[in-house]
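Visitor: Just dropping this structure here.
Throughout, read-outs are computed from the coordinates displayed, never taken from laboratory work. Remember, it's a predicted structure, so these values are computed and weren't measured experimentally.
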Amino acid sequence: MSIRVLLLSLLLFLFVQTAIAASVNINTADATALATLDGVGDAKAEAIIAYRNANGPFKSVEELANVKGIGKKLIELNRGKISVGTTAK
């Protein structure tokens, strides 16, 4: 195997890893997508959606702390994985 093939393989692997680690938009994500976050299972995912439906789109990631069962520690654990997108202006 040539060095070129190895480098291309490495680049492809890194690209796929980046795509997998893409952020979850908490304003548009369904329960399945929300449940992919660390520390968020089905119940917390449904609580996030219920809060969003009752209060409108999240204006910031920190607003997640208003959802019952979601604390600052869970937000910090997932900070690089979550976004509010452009929905909440």
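Visitor: List the residues, sorted by chain then number, that are 5 or more residues from Ser83 or on another chain and whose placed amide H is less than 5 Å from its amide H.
Guide: Sorted by chain and number, the residues that satisfy this are Val24, Asn25, Ile26.
Visitor: Treating each Cα of segment 23-83 as an identical point scatterer and ignoring solvent, apply the Debye formula and state log10 I(q)/I(0) at q = 0.13, 0.14, 0.21, 0.28 Å⁻¹.
Guide: Normalising to I(0) and taking log10 leaves -0.25, -0.29, -0.70, -1.45.
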